[in-house]
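Below you'll find the structure, written out as C-alpha coordinates, and then a few comments.
The values are calculated or read from the model by the stated rules, or taken from the named source; none is laboratory data. Fair warning: this is a prediction, and the values are worked out from it, not measured in the lab. Cβ placement follows ideal geometry from the backbone for every residue including glycine, while neighbour counts extend to all protein chains displayed.
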Amino acid sequence: MSMNSENRNAENNYAACPQHEAALEDQLQGTLRGPEAVMLAEHLATCAGCRTALEDAAVSARLLAIAEPSPDPGAGFSRMVMARIRQELLTTESRSIWRPVVSVAWRFAASAAFALVLLVSFDLGRHSQSVSNQPVIAENRMPEIVPDLPALPANRDDVLLMMADTSHGKQ
Amino acid sequence: MPNVPKNMAATAAALSLPVSRREKGEEERQLVRLAQSGEEAAFEELIRRHQQRVFGLVSGILRRREDVEDVVQQVFLKVFVSLKRFDQRAAFSTWLYKISVNECWDYLRKKKVRPLVYEADLSEEQVSRLDGVVSADQPATSSSDRAEARDLLERMMEKLPEQDRELLVLKEVEGFSVQELAEILDLNVNTVKVRLFRARARLMDVYRRRLHSKPEQPAEGKEG
(Lines give C-alpha, C1' and ligand atoms only; values in the text may rest on other atoms or scores of the structure.)
Protein backbone atom coordinates (compact mmCIF):
# COMPACT_ATOMS: atom_id res chain seq x y z
CA MET A 1 0.00 0.00 0.00
CA SER A 2 1.53 3.27 -1.03
CA MET A 3 -0.84 5.51 0.81
CA ASN A 4 -1.76 5.52 4.45
CA SER A 5 -4.97 6.81 5.83
CA GLU A 6 -3.19 9.90 7.26
CA ASN A 7 -2.19 10.89 3.70
CA ARG A 8 -5.77 10.94 2.67
CA ASN A 9 -7.69 14.11 2.11
CA ALA A 10 -9.27 14.14 5.52
CA GLU A 11 -10.03 17.85 5.34
CA ASN A 12 -12.35 17.30 2.39
CA ASN A 13 -13.83 14.14 3.78
CA TYR A 14 -13.00 11.95 0.82
CA ALA A 15 -10.34 9.40 0.16
CA ALA A 16 -8.17 10.64 -2.72
CA CYS A 17 -4.49 11.18 -1.98
CA PRO A 18 -3.80 14.94 -2.20
CA GLN A 19 -0.59 14.48 -4.21
CA HIS A 20 -2.48 12.59 -6.94
CA GLU A 21 -5.54 14.83 -7.29
CA ALA A 22 -4.22 16.80 -10.28
CA ALA A 23 -3.23 13.58 -12.07
CA LEU A 24 -6.63 12.06 -11.26
CA GLU A 25 -8.34 15.08 -12.86
CA ASP A 26 -6.11 14.64 -15.93
CA GLN A 27 -6.98 10.94 -16.00
CA LEU A 28 -10.67 11.83 -15.89
CA GLN A 29 -10.23 14.26 -18.78
CA GLY A 30 -8.25 11.64 -20.70
CA THR A 31 -5.24 13.93 -20.95
CA LEU A 32 -2.78 11.99 -18.78
CA ARG A 33 0.09 10.60 -20.89
CA GLY A 34 3.55 9.11 -20.55
CA PRO A 35 5.30 8.29 -17.29
CA GLU A 36 2.68 10.18 -15.25
CA ALA A 37 -0.01 7.89 -16.61
CA VAL A 38 2.07 4.83 -15.72
CA MET A 39 2.73 6.19 -12.23
CA LEU A 40 -0.94 6.87 -11.61
CA ALA A 41 -1.94 3.45 -12.92
CA GLU A 42 0.49 1.85 -10.48
CA HIS A 43 -0.86 3.96 -7.68
CA LEU A 44 -4.48 3.22 -8.54
CA ALA A 45 -3.72 -0.50 -8.44
CA THR A 46 -2.85 -0.19 -4.79
CA CYS A 47 -5.01 2.70 -3.53
CA ALA A 48 -8.69 2.02 -3.08
CA GLY A 49 -9.34 5.61 -1.95
CA CYS A 50 -8.08 7.11 -5.19
CA ARG A 51 -9.95 4.48 -7.21
CA THR A 52 -13.21 5.38 -5.48
CA ALA A 53 -12.54 9.10 -5.89
CA LEU A 54 -11.91 8.62 -9.61
CA GLU A 55 -15.13 6.59 -9.99
CA ASP A 56 -17.03 9.32 -8.14
CA ALA A 57 -15.52 11.97 -10.37
CA ALA A 58 -16.67 10.03 -13.42
CA VAL A 59 -20.21 9.91 -12.01
CA SER A 60 -20.06 13.65 -11.36
CA ALA A 61 -19.08 14.20 -14.99
CA ARG A 62 -22.12 12.17 -16.11
CA LEU A 63 -24.28 14.17 -13.72
CA LEU A 64 -22.95 17.47 -15.05
CA ALA A 65 -23.50 16.34 -18.62
CA ILE A 66 -27.24 16.78 -17.97
CA ALA A 67 -26.78 20.54 -17.80
CA GLU A 68 -26.99 22.49 -20.99
CA PRO A 69 -24.60 25.27 -21.96
CA SER A 70 -26.03 28.74 -22.30
CA PRO A 71 -27.68 29.32 -25.64
CA ASP A 72 -26.15 31.50 -28.32
CA PRO A 73 -27.54 35.00 -27.83
CA GLY A 74 -28.09 35.22 -31.59
CA ALA A 75 -26.97 37.44 -34.42
CA GLY A 76 -28.96 40.40 -33.17
CA PHE A 77 -26.99 40.59 -29.95
CA SER A 78 -23.86 42.16 -31.44
CA ARG A 79 -26.02 44.79 -33.18
CA MET A 80 -27.76 45.50 -29.89
CA VAL A 81 -24.44 45.92 -28.11
CA MET A 82 -23.14 48.23 -30.83
CA ALA A 83 -26.31 50.33 -30.58
CA ARG A 84 -25.80 50.61 -26.83
CA ILE A 85 -22.15 51.56 -27.32
CA ARG A 86 -23.11 54.28 -29.81
CA GLN A 87 -25.73 55.61 -27.40
CA GLU A 88 -23.23 55.63 -24.53
CA LEU A 89 -20.68 57.44 -26.71
CA LEU A 90 -23.27 60.08 -27.65
CA THR A 91 -24.17 60.60 -24.00
CA THR A 92 -20.50 60.88 -23.07
CA GLU A 93 -19.89 63.37 -25.90
CA SER A 94 -22.85 65.56 -24.93
CA ARG A 95 -21.62 65.43 -21.36
CA SER A 96 -18.15 66.49 -22.47
CA ILE A 97 -19.53 69.53 -24.40
CA TRP A 98 -21.29 70.88 -21.34
CA ARG A 99 -18.66 69.79 -18.84
CA PRO A 100 -16.66 73.12 -18.76
CA VAL A 101 -19.87 75.14 -18.40
CA VAL A 102 -21.17 72.84 -15.70
CA SER A 103 -17.83 72.99 -13.92
CA VAL A 104 -17.80 76.84 -13.92
CA ALA A 105 -21.42 76.92 -12.79
CA TRP A 106 -20.65 74.59 -9.92
CA ARG A 107 -17.67 76.69 -8.85
CA PHE A 108 -19.77 79.86 -9.01
CA ALA A 109 -22.55 78.23 -7.01
CA ALA A 110 -20.07 77.00 -4.42
CA SER A 111 -18.48 80.46 -4.06
CA ALA A 112 -21.90 82.11 -3.76
CA ALA A 113 -22.98 79.61 -1.15
CA PHE A 114 -19.77 80.21 0.79
CA ALA A 115 -20.22 83.99 0.65
CA LEU A 116 -23.82 83.65 1.78
CA VAL A 117 -22.79 81.50 4.71
CA LEU A 118 -20.13 84.04 5.66
CA LEU A 119 -22.62 86.92 5.49
CA VAL A 120 -25.25 85.12 7.47
CA SER A 121 -22.79 84.05 10.14
CA PHE A 122 -21.38 87.59 10.37
CA ASP A 123 -24.86 89.05 10.69
CA LEU A 124 -25.85 86.47 13.27
CA GLY A 125 -22.71 87.25 15.23
CA ARG A 126 -23.43 90.94 15.24
CA HIS A 127 -27.04 90.38 16.20
CA SER A 128 -26.17 88.11 19.10
CA GLN A 129 -23.54 90.62 20.30
CA SER A 130 -26.09 93.47 20.39
CA VAL A 131 -28.60 91.24 22.15
CA SER A 132 -26.05 90.21 24.77
CA ASN A 133 -25.05 93.90 25.35
CA GLN A 134 -28.60 95.08 25.95
CA PRO A 135 -29.10 93.83 29.55
CA VAL A 136 -25.74 95.35 30.58
CA ILE A 137 -26.87 98.80 29.44
CA ALA A 138 -30.15 98.36 31.24
CA GLU A 139 -28.39 97.32 34.43
CA ASN A 140 -25.95 100.24 34.23
CA ARG A 141 -28.61 102.83 33.71
CA MET A 142 -28.95 104.40 37.17
CA PRO A 143 -31.27 107.37 37.78
CA GLU A 144 -28.76 108.95 40.18
CA ILE A 145 -26.10 109.27 37.54
CA VAL A 146 -28.25 110.02 34.55
CA PRO A 147 -31.37 111.67 35.88
CA ASP A 148 -34.43 112.08 33.73
CA LEU A 149 -34.53 115.39 32.04
CA PRO A 150 -37.04 117.56 33.80
CA ALA A 151 -39.81 119.16 31.89
CA LEU A 152 -39.32 122.83 31.14
CA PRO A 153 -40.95 125.11 33.72
CA ALA A 154 -44.18 126.53 32.51
CA ASN A 155 -44.22 129.57 34.77
CA ARG A 156 -42.46 131.32 37.63
CA ASP A 157 -43.88 129.02 40.31
CA ASP A 158 -42.51 126.00 38.47
CA VAL A 159 -39.06 127.60 38.41
CA LEU A 160 -39.21 128.12 42.15
CA LEU A 161 -40.36 124.54 42.71
CA MET A 162 -37.51 123.20 40.56
CA MET A 163 -34.99 125.18 42.49
CA ALA A 164 -36.43 123.84 45.72
CA ASP A 165 -36.20 120.22 44.38
CA THR A 166 -32.59 120.43 43.29
CA SER A 167 -31.66 122.54 46.32
CA HIS A 168 -30.01 125.03 44.03
CA GLY A 169 -31.58 127.82 45.92
CA LYS A 170 -30.26 126.63 49.30
CA GLN A 171 -27.35 128.30 50.81
CA MET B 1 15.66 11.55 -51.64
CA PRO B 2 12.76 9.70 -50.20
CA ASN B 3 13.36 11.10 -46.75
CA VAL B 4 12.85 14.70 -47.68
CA PRO B 5 9.20 14.58 -48.67
CA LYS B 6 8.53 12.27 -45.73
CA ASN B 7 10.13 14.74 -43.36
CA MET B 8 8.35 17.62 -44.99
CA ALA B 9 5.04 15.83 -44.72
CA ALA B 10 5.69 15.07 -41.06
CA THR B 11 6.66 18.67 -40.41
CA ALA B 12 3.62 19.95 -42.22
CA ALA B 13 1.39 17.56 -40.30
CA ALA B 14 2.97 18.59 -37.02
CA LEU B 15 2.62 22.24 -37.83
CA SER B 16 -0.80 22.12 -39.43
CA LEU B 17 -2.73 22.71 -36.21
CA PRO B 18 -0.44 25.35 -34.73
CA VAL B 19 -0.28 27.16 -38.07
CA SER B 20 -4.05 27.31 -38.37
CA ARG B 21 -4.23 28.49 -34.78
CA ARG B 22 -1.55 31.04 -35.47
CA GLU B 23 -3.43 32.26 -38.52
CA LYS B 24 -6.59 32.53 -36.51
CA GLY B 25 -4.73 34.39 -33.80
CA GLU B 26 -3.19 36.77 -36.33
CA GLU B 27 -6.60 37.40 -37.84
CA GLU B 28 -7.96 38.24 -34.42
CA ARG B 29 -5.03 40.53 -33.65
CA GLN B 30 -5.74 42.32 -36.91
CA LEU B 31 -9.40 42.70 -35.94
CA VAL B 32 -8.36 44.09 -32.57
CA ARG B 33 -6.00 46.58 -34.24
CA LEU B 34 -8.81 47.71 -36.55
CA ALA B 35 -11.20 48.04 -33.62
CA GLN B 36 -8.56 50.02 -31.73
CA SER B 37 -8.33 52.42 -34.64
CA GLY B 38 -12.08 53.03 -34.33
CA GLU B 39 -13.43 50.54 -36.89
CA GLU B 40 -16.84 49.69 -35.48
CA ALA B 41 -17.41 46.79 -37.86
CA ALA B 42 -14.25 45.11 -36.55
CA PHE B 43 -15.44 45.44 -32.99
CA GLU B 44 -18.85 44.06 -33.95
CA GLU B 45 -17.09 41.06 -35.48
CA LEU B 46 -15.15 40.55 -32.25
CA ILE B 47 -18.42 40.59 -30.32
CA ARG B 48 -19.92 38.06 -32.72
CA ARG B 49 -16.95 35.74 -32.31
CA HIS B 50 -16.89 35.82 -28.53
CA GLN B 51 -20.47 36.50 -27.45
CA GLN B 52 -21.41 32.88 -26.84
CA ARG B 53 -18.38 32.12 -24.65
CA VAL B 54 -18.85 35.35 -22.71
CA PHE B 55 -22.52 34.41 -22.26
CA GLY B 56 -21.43 30.99 -21.00
CA LEU B 57 -18.87 32.46 -18.66
CA VAL B 58 -21.25 35.06 -17.22
CA SER B 59 -24.13 32.65 -16.82
CA GLY B 60 -21.73 30.18 -15.20
CA ILE B 61 -20.98 32.73 -12.51
CA LEU B 62 -24.34 34.49 -12.17
CA ARG B 63 -27.21 32.26 -11.33
CA ARG B 64 -29.99 34.57 -12.42
CA ARG B 65 -30.44 34.19 -16.13
CA GLU B 66 -32.31 37.49 -16.40
CA ASP B 67 -29.18 39.42 -15.36
CA VAL B 68 -26.83 37.69 -17.78
CA GLU B 69 -27.64 39.65 -20.92
CA ASP B 70 -27.29 42.97 -19.16
CA VAL B 71 -23.93 42.03 -17.67
CA VAL B 72 -22.64 40.73 -21.02
CA GLN B 73 -23.60 44.03 -22.67
CA GLN B 74 -21.79 45.87 -19.90
CA VAL B 75 -18.72 43.68 -20.47
CA PHE B 76 -18.54 44.55 -24.15
CA LEU B 77 -19.09 48.20 -23.39
CA LYS B 78 -16.14 48.15 -20.97
CA VAL B 79 -14.03 46.30 -23.50
CA PHE B 80 -14.84 48.91 -26.15
CA VAL B 81 -13.95 51.77 -23.81
CA SER B 82 -10.65 50.25 -22.69
CA LEU B 83 -9.67 48.60 -25.97
CA LYS B 84 -7.12 51.31 -26.80
CA ARG B 85 -5.18 50.42 -23.66
CA PHE B 86 -5.05 46.71 -24.58
CA ASP B 87 -1.46 46.01 -25.70
CA GLN B 88 -2.13 42.52 -27.18
CA ARG B 89 0.53 40.90 -25.00
CA ALA B 90 -2.12 38.41 -23.88
CA ALA B 91 -4.74 36.88 -26.15
CA PHE B 92 -7.78 39.08 -26.67
CA SER B 93 -10.03 36.27 -25.44
CA THR B 94 -8.13 35.95 -22.14
CA TRP B 95 -8.35 39.70 -21.57
CA LEU B 96 -12.05 39.67 -22.47
CA TYR B 97 -12.80 36.75 -20.12
CA LYS B 98 -10.95 38.41 -17.27
CA ILE B 99 -13.04 41.56 -17.75
CA SER B 100 -16.15 39.34 -17.79
CA VAL B 101 -15.22 37.64 -14.52
CA ASN B 102 -14.47 40.98 -12.83
CA GLU B 103 -17.75 42.41 -14.10
CA CYS B 104 -19.66 39.44 -12.67
CA TRP B 105 -18.00 39.78 -9.27
CA ASP B 106 -18.67 43.55 -9.27
CA TYR B 107 -22.27 42.87 -10.16
CA LEU B 108 -22.69 40.28 -7.42
CA ARG B 109 -21.04 42.61 -4.90
CA LYS B 110 -23.26 45.56 -5.87
CA LYS B 111 -26.45 43.55 -5.95
CA LYS B 112 -25.50 41.53 -2.89
CA VAL B 113 -27.07 38.54 -4.61
CA ARG B 114 -27.60 35.69 -2.24
CA PRO B 115 -27.58 32.10 -3.33
CA LEU B 116 -30.93 30.70 -4.23
CA VAL B 117 -32.01 28.22 -1.60
CA TYR B 118 -34.24 25.35 -2.37
CA GLU B 119 -35.85 24.24 0.81
CA ALA B 120 -37.82 21.33 -0.53
CA ASP B 121 -36.07 17.97 -0.59
CA LEU B 122 -36.27 15.55 -3.49
CA SER B 123 -39.12 13.11 -3.75
CA GLU B 124 -38.60 9.34 -4.08
CA GLU B 125 -39.64 9.56 -7.73
CA GLN B 126 -37.13 12.33 -8.41
CA VAL B 127 -34.46 10.31 -6.64
CA SER B 128 -34.94 7.28 -8.84
CA ARG B 129 -35.11 9.42 -11.97
CA LEU B 130 -31.81 11.14 -11.23
CA ASP B 131 -30.25 7.84 -10.21
CA GLY B 132 -31.22 6.50 -13.60
CA VAL B 133 -29.62 9.43 -15.39
CA VAL B 134 -26.39 9.06 -13.43
CA SER B 135 -26.13 5.30 -13.80
CA ALA B 136 -26.19 5.88 -17.59
CA ASP B 137 -28.22 2.75 -18.31
CA GLN B 138 -31.44 4.76 -18.30
CA PRO B 139 -30.64 8.00 -20.10
CA ALA B 140 -33.34 10.63 -19.88
CA THR B 141 -35.04 10.51 -23.23
CA SER B 142 -37.98 12.86 -23.09
CA SER B 143 -37.39 16.58 -22.95
CA SER B 144 -39.46 16.86 -19.76
CA ASP B 145 -37.28 14.21 -18.08
CA ARG B 146 -34.15 16.04 -19.14
CA ALA B 147 -35.57 19.34 -17.93
CA GLU B 148 -36.42 17.80 -14.57
CA ALA B 149 -32.98 16.23 -14.26
CA ARG B 150 -31.43 19.61 -15.01
CA ASP B 151 -33.56 21.22 -12.35
CA LEU B 152 -32.48 18.60 -9.80
CA LEU B 153 -28.86 19.07 -10.74
CA GLU B 154 -29.25 22.82 -10.31
CA ARG B 155 -30.65 22.27 -6.83
CA MET B 156 -27.66 20.20 -5.89
CA MET B 157 -25.25 22.70 -7.37
CA GLU B 158 -26.79 25.39 -5.19
CA LYS B 159 -25.62 23.42 -2.18
CA LEU B 160 -21.99 23.68 -3.27
CA PRO B 161 -19.63 26.47 -2.29
CA GLU B 162 -19.67 29.29 -4.87
CA GLN B 163 -16.13 28.56 -6.08
CA ASP B 164 -16.87 24.86 -6.70
CA ARG B 165 -20.06 25.63 -8.54
CA GLU B 166 -18.38 28.18 -10.80
CA LEU B 167 -15.51 25.87 -11.68
CA LEU B 168 -17.73 22.89 -12.42
CA VAL B 169 -20.14 24.90 -14.55
CA LEU B 170 -17.39 26.67 -16.49
CA LYS B 171 -15.46 23.46 -17.10
CA GLU B 172 -18.15 20.84 -17.57
CA VAL B 173 -21.10 22.84 -18.85
CA GLU B 174 -19.66 25.85 -20.66
CA GLY B 175 -16.64 23.97 -21.99
CA PHE B 176 -13.74 26.11 -20.78
CA SER B 177 -10.44 24.23 -20.66
CA VAL B 178 -8.35 23.92 -17.50
CA GLN B 179 -5.76 26.19 -19.13
CA GLU B 180 -8.36 28.84 -19.91
CA LEU B 181 -9.77 28.68 -16.39
CA ALA B 182 -6.28 29.10 -14.95
CA GLU B 183 -5.73 32.20 -17.08
CA ILE B 184 -9.15 33.70 -16.41
CA LEU B 185 -9.06 33.10 -12.67
CA ASP B 186 -5.34 33.87 -12.24
CA LEU B 187 -4.62 30.43 -10.86
CA ASN B 188 -1.98 27.81 -11.42
CA VAL B 189 -3.09 25.03 -13.81
CA ASN B 190 -2.50 22.36 -11.16
CA THR B 191 -4.52 24.36 -8.63
CA VAL B 192 -7.43 24.42 -11.06
CA LYS B 193 -7.18 20.65 -11.53
CA VAL B 194 -7.10 19.99 -7.79
CA ARG B 195 -9.99 22.38 -7.13
CA LEU B 196 -12.00 20.78 -9.90
CA PHE B 197 -11.38 17.30 -8.58
CA ARG B 198 -12.37 18.34 -5.06
CA ALA B 199 -15.45 20.16 -6.38
CA ARG B 200 -16.54 16.93 -8.08
CA ALA B 201 -16.11 15.07 -4.81
CA ARG B 202 -18.22 17.64 -2.99
CA LEU B 203 -20.90 17.44 -5.69
CA MET B 204 -20.99 13.67 -5.23
CA ASP B 205 -21.22 14.19 -1.49
CA VAL B 206 -24.27 16.44 -1.96
CA TYR B 207 -25.70 13.95 -4.43
CA ARG B 208 -25.39 11.07 -1.96
CA ARG B 209 -26.70 13.05 0.99
CA ARG B 210 -29.70 14.34 -0.91
CA LEU B 211 -30.58 11.25 -2.83
CA HIS B 212 -29.60 8.25 -0.80
CA SER B 213 -30.41 9.40 2.70
CA LYS B 214 -34.06 9.24 3.63
CA PRO B 215 -35.71 12.63 3.80
CA GLU B 216 -35.65 14.00 7.33
CA GLN B 217 -39.42 14.11 7.72
CA PRO B 218 -40.85 14.15 11.23
CA ALA B 219 -42.13 10.59 11.73
CA GLU B 220 -44.83 11.59 14.19
CA GLY B 221 -46.25 14.09 11.68
CA LYS B 222 -46.62 11.31 9.12
CA GLU B 223 -48.06 8.83 11.50
CA GLY B 224 -50.48 11.32 12.93
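Select from the range A:54-69 the residues that are within 7 Å of another protein chain (Cβ to nearest Cβ) and assigned to a helix (DSSP H, G or I) and write down the one among them that is surrounded by the fewest Cβ atoms within 10 Å (Cβ to Cβ).
My answer is A:62.
A quick yes/no check of all residues on (1) more than 28 Å from residue B:165 (Cβ to Cβ); (2) more than 9 Å from chain B (Cβ to nearest Cβ):
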| residue | (1), (2) |
| --- | --- |
| A:31 | no, no |
| A:34 | yes, yes |
| A:52 | no, yes |
| A:71 | no, no |
| A:87 | yes, yes |
| A:114 | yes, yes |
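Quick one: which helices (runs of 4 or more DSSP H) sit completely within the range B:106-220 and have at least 1 residues that are aliphatic (A, V, I, L, M), surrounded by 15 or more Cβ atoms within 10 Å (Cβ to Cβ) and modelled with pLDDT of 90 or more?
The helices (runs of 4 or more DSSP H) meeting that bar are B:162-168, B:178-184, B:189-211.
Do you know which of the residues in the range B:33-59 that are over 16 Å from residue B:75 (Cβ atoms) and outside any loop (DSSP other than H, G, I, E, B) is nearest to the other protein chains (Cβ to nearest Cβ)? Walk me through how you get there before you give the answer.
Of all residues in the range B:33-59, those over 16 Å from residue B:75 (Cβ atoms) come to B:33-34, B:36-42, B:45.
Still in the running and outside any loop (DSSP other than H, G, I, E, B): B:33-34, B:36, B:40-42, B:45.
Values: B:33: 18, B:34: 14, B:36: 14, B:40: 6, B:41: 9, B:42: 11, B:45: 8 Å.
So the residue we want is B:40.
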